[in-house]
Amino acid sequence: MADEPTDDPPVTADRPDSTIQVTGTDHVTLIGSNVEDTVEYYRDILGLPLVMRQPNLDDDDVEHLFFASGDGRLITFFCDGRESHEGAQRPGTGAVHHIAFRLDPEQFVETRENLREVGRRFSEFDRGAFHSLYARDHNGLTIELAADKFDVPDDRRGEVLARAQAHRVEAGAEYVRGEDLRAALEELGLDVVEHDLPAAPTGTSVED
């Protein structure tokens, strides 16, 4: 594969000289359907605690649900009581394509079997830098459960991925692979701790 064009924006963990400097993601808000189905999926299936519930401050006919994702960040929903839509979504420009949650690598196989036990369909793929399960929520939104192949410190995550990207480009690979992450960790002087994840195909698609 040829080197990437030099006029593309640089991939780097360095802070840009931008108008605004944010400090992290606080929350992402989605348009939900009804409270019951939303709580059933995100609390009872995914295990996200419902930590706040109040009216949408811009429309008191809509309920605003706040779920804690486990890392101090929140996923919230505006629910107006509509019926859930379980078919596949076809999001347009500016829409949410999918939400990815982190999964403890040690719990990956157990999580996969738990999904089978409760009759939830899913797909499993090796994504190079991580290993993922893909399912759909009660409204057809794709939910990714991603387990890192290597331990990556949260405060060094961007730096590690940027270095792995550089190794990928140098190798002419199509996507970041496990060996690129390993090389990045070694180059940055970080411990290399690889998780024992099952073999899976590389590819795309969620089961219909």
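Of the listed requirements (1) surrounded by 11 or more Cβ atoms within 10 Å (Cβ to Cβ); (2) closer than 19 Å to residue 145 by Cβ, residue 119 misses just one: (1). Taking the residues in segment 162-177 that are surrounded by fewer than 18 Cβ atoms within 10 Å (Cβ to Cβ) and of a type in the set (A, V, I, L, M, F, W, C) as candidates, determine which candidate is farthest from residue 190 (Cα to Cα). Out of the qualifying residues, it is 173. Looking across 102, 90, 82, one residue alone is at pLDDT below 95, over 22 Å from the mean Cα position of the chain (by Cα) and among the basic types (Lys, Arg). It is 82. Note on segment 148-165: residues that are in contact with a Ser or Thr (Cβ under 7 Å, 6 or more places away or on another chain) and not assigned by TED's automatic domain parsing to the domain that holds residue 175 amount to 0. Scan segment 147-155 and give yes if some residue there is crowded, with 17+ Cβ neighbours inside 10 Å and out of contact with any helix residue (DSSP H, G or I) (no Cβ under 7 Å at 6 or more places or on another chain), otherwise no. The answer is no; no qualifying residue exists.
Annotation for segment 36-58: at least one member residue is within 23 Å of the chain's Cα centre (by Cα), surrounded by 14 or more Cβ atoms within 10 Å (Cβ to Cβ) and among the polar types (S, T, N, Q).
Criterion applied to 132, 69, 123 was being over 24 Å from residue 157 (Cα atoms) and polar (S, T, N, Q), and the one residue passing it is 123. The single condition from (1) exposed (fewer than 12 other Cβ atoms within 10 Å of the Cβ); (2) of a type in the set (Val, Ile, Thr); (3) assigned to a helix (DSSP H, G or I) that residue 25 fails is (3). The residues on offer are 48, 30, and the sole one that is of a type outside the set (S, T, N, Q), under 20 Å from residue 137 (Cβ atoms) and outside any strand (DSSP E or B) is 48. Based on this model, can you work out whether residue 125 counts as surrounded by 14 or more Cβ atoms within 10 Å (Cβ to Cβ), in contact (Cβ under 8 Å) with a residue 60 or more places away in the chain and of a type in the set (Phe, Trp, Tyr)? Yes; evaluated as a whole, the condition is true for this residue.
Looking only at residues in segment 113-129 that are in contact with a helix residue (DSSP H, G or I) (Cβ under 9 Å, 6 or more places away or on another chain) and either of a type in the set (A, V, I, L, M, F, W, C) or in the same structural domain as residue 47 (by TED's automatic domain parsing) (or both), the one that is farthest from residue 39 (Cα to Cα) is 129. If the condition is being charged (D, E, K, R) and assigned to a strand (DSSP E or B), then segment 51-90 contributes 53, 59, 60, 61, 63.
The values are calculated or read from the model by the stated rules, or taken from the named source; none is laboratory data. This structure is a prediction, so every number in the text was calculated from the model and none was measured. Because the Cβ atoms are built from the backbone with ideal geometry, glycine has one as well, and the counts that use them run over all protein chains shown.
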